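Visitor: Sharing a structure with you now.
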Amino acid sequence: MSYSLNGKIVLVTGAASGIGASVVKFLLHENVQRIAMLDVSEEAGKALQNELNSKYNNNKVIFVKCDVADKENLLQAYKVINDEIGYIDLVINNAGILGDSPNSYMTEININLEDALKLRSAKLPYPKN
Ligand SMILES: NC(=O)c1ccc[n+]([C@@H]2O[C@H](COP(=O)([O-])OP(=O)(O)OC[C@H]3O[C@@H](n4cnc5c(N)ncnc54)[C@H](O)[C@@H]3O)[C@@H](O)[C@H]2O)c1
């Protein structure tokens, strides 16, 4: 089954750098309508937003600073996206950290796993059709 990304509205977490930033560029290449980029790194996120909006058009990409491990923060980000865009077709839950110190495991679980559950439970508006 083929799935066209053409015209879709996509939310990408951890979008300011690394794999997330590459995914955002790929999505633009696939002609999505708009992308909401979430990331804790405001400087990198804004820089990428500005770069891509200059290349494509001014409204194509919206960056929202957000720690996806923090539910309140996530809900605030959703409100911004809802006000600006209205709905989301597709969520790419990429934000995460990787470390192997004993103290980092709980933080990793919170960011890498729990944020995915929070994203599912936060009830972003989806398109009606
Ligand atoms: N690169 C690899 O080889 C590899 C291997 C296995 C899994 N992964 C996973 O793939 C994902 C992306 O990896 P990457 O190599 O691009 O990592 P990266 O560190 O280069 O980028 C991760 C991005 O997520 C953001 N981020 C981190 N914590 C966040 C949070 N709480 N809220 C919002 N944004 C947050 C960072 O600011 C950064 O922009 C991660 O989940 C990582 O664990 C990567």
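No lab work stands behind these numbers, since they all come straight from the coordinates. Worth saying up front: this structure is predicted, and the values here are computed from it rather than measured. With ideal geometry, Cβ positions are generated from the backbone for all residues, glycine too; neighbour counts draw on all protein chains shown.
Visitor: Give the distance, in whole Å, between the Cα centre of the range 11-36 and the Cα centre of the range 72-107.
Guide: 14 Å
Visitor: If a/c stays under 1.5 just call it rounded; otherwise compare a/b with b/c (prolate if a/b is bigger, oblate if not). Do that for the range 1-86, with a ≥ b ≥ c from the square roots of the Cα gyration tensor eigenvalues.
Guide: Because a/c hits 1.5 or more and a/b exceeds b/c, the range 1-86 counts as prolate.
Visitor: GluC sites (Glu not before Pro) within the range 12-73: which are DSSP loop residues with at most 14 other Cβ atoms inside 10 Å?
Guide: Passing sites in the range 12-73 are GLU30.
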